[in-house]
Amino acid sequence: MDLDNAVVFERLVRTRRSIRGFYRNPVPLQLIDRVIALAKRAPSSMDGQLWHVQVLTGEPLARVRASNMGEMMAGARAKRDTFTHHEYAGRHRDRQIGVAKKQFRAMGIERDDRARRQDWTLRGFRQFDAPVSPTDKVLDPGATCHFDLGALCYGIVLAAWDQGLGTVVNGQGIARSDIIREIAFIPEGEVVLT
Ligand SMILES: Cc1cc2nc3c(=O)[nH]c(=O)nc-3n(C[C@H](O)[C@H](O)[C@H](O)COP(=O)(O)O)c2cc1C
């Protein structure tokens, strides 16, 4: 790699950040195709490339958001395809709380402002109102596949950033995997990952 490429890559990695507020403009499908094609250059165990990428936009995405919101407001529990950790404890919990405090402070949301805090949480379930939402799924829920899908995901966010498109990886948005499964016609043999 020559020096120019090294500088470009470093700038890409250093400037990329999660974006949680979006313009309404639709994202051109050619741009999404390009981002996903680049991301698929990611390494994967035994070159398995077990990923499938679903892109939801427009009306199906609006239905996912509405269903997510409805379920969460009604107090429904998360129903993920994947095993998740229990509540964080100890230093992991401390870090989680510290990050949340910083985030709310940066947004000017006071600790006792329950309405704005709830509004922020619900935005996560609405995919932060992003105009498009890729969902990865794998055939095998094993750890190696999760590793492969993590590489793909990072490829997506970096390639998108390089093309001037902000993204956020959003675990909240698939808290109800069954909703995505139904709306995106994902077969039972596949796993909704993130
Ligand atoms: C697997 C995964 C799930 C995530 N889920 C969420 C989420 O549900 N809501 C959210 O706001 N950010 C989510 N994020 C984004 C992280 O919070 C973010 O990457 C982290 O705070 C670092 O910030 P940065 O991406 O701006 O560097 C997720 C990231 C990953 C990798």
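A short reminder: the numbers here are calculations on the coordinates, not readings from a lab. All values reported here derive from a predicted model rather than from experimental measurement. Every residue, glycine among them, receives a Cβ derived from its backbone with ideal geometry; neighbour counts consider all protein chains shown.
Exposed loop positions in the chain were taken to be GluC sites (Glu not before Pro) whose DSSP state is not H, G, I, E or B and which have at most 14 other beta-carbon atoms within 10 angstrom. Between these positions, the longest stretch is 1-86. Each Lys and Arg contributes +1 and each Asp and Glu -1, all at the Cβ; summed about the Cα centre of the chain, the dipole is approximately 920 debye. The mean sequence distance of close C-alpha pairs (under 8 Å, at least 6 residues apart), as a share of the length of the chain, puts its relative contact order at 42 percent. Residues with beta-carbon under 15 Å from that of Gly142, excluding Gly142: net charge, scoring Lys, Arg +1 and Asp, Glu -1? After counting each charged neighbour, the total is -4. Judged by the gyration tensor of its Cα atoms, with axes a ≥ b ≥ c, the stretch 20-81 is oblate; a/c meets the 1.5 cut and b/c is at least as large as a/b. If you sort the three axes of the alpha carbon gyration tensor as a ≥ b ≥ c, you get a/c under 1.5 for the chain, which makes it rounded. Ordering Ser133, Ser45, Ser18 from the fewest to the most neighbouring beta carbons within 10 Å gives Ser18, Ser45, Ser133.
Summing charges over all other residues whose Cβ lies under 14 Å from the Cβ of Ser177, with Lys and Arg as +1 and Asp and Glu as -1, gives -1. Using helices alone, what [θ] at 222 nm do you get for the chain, with -39,500 (n - 2.57) per DSSP H run of 4 or more residues, divided over all residues and rounded to the nearest 500? Computed ellipticity for the chain at 222 nm equals -16000 deg cm²/dmol. Students often forget the sequence filter, so: which aspartates and glutamates lie under 20 Å Cα-Cα from Lys40 once same-chain residues fewer than 8 apart are removed? Of all the aspartates and glutamates, those that pass the test against Lys40 - Cα under 20 Å, at least 8 places apart if same chain - are Asp136, Asp140, Asp148, Asp162, Glu190. Residues Arg80, Arg17, ranked from the fewest to the most other C-beta atoms within 10 Å, line up as Arg17, Arg80.
Per-residue Cβ neighbour counts within 10 Å put Lys40, Lys102 in the sequence Lys102, Lys40, beginning with the fewest. Shape of the stretch 121-194 from the C-alpha gyration tensor: oblate (a/c of 1.5 or more and a/b not above b/c, with a ≥ b ≥ c the square roots of its eigenvalues).
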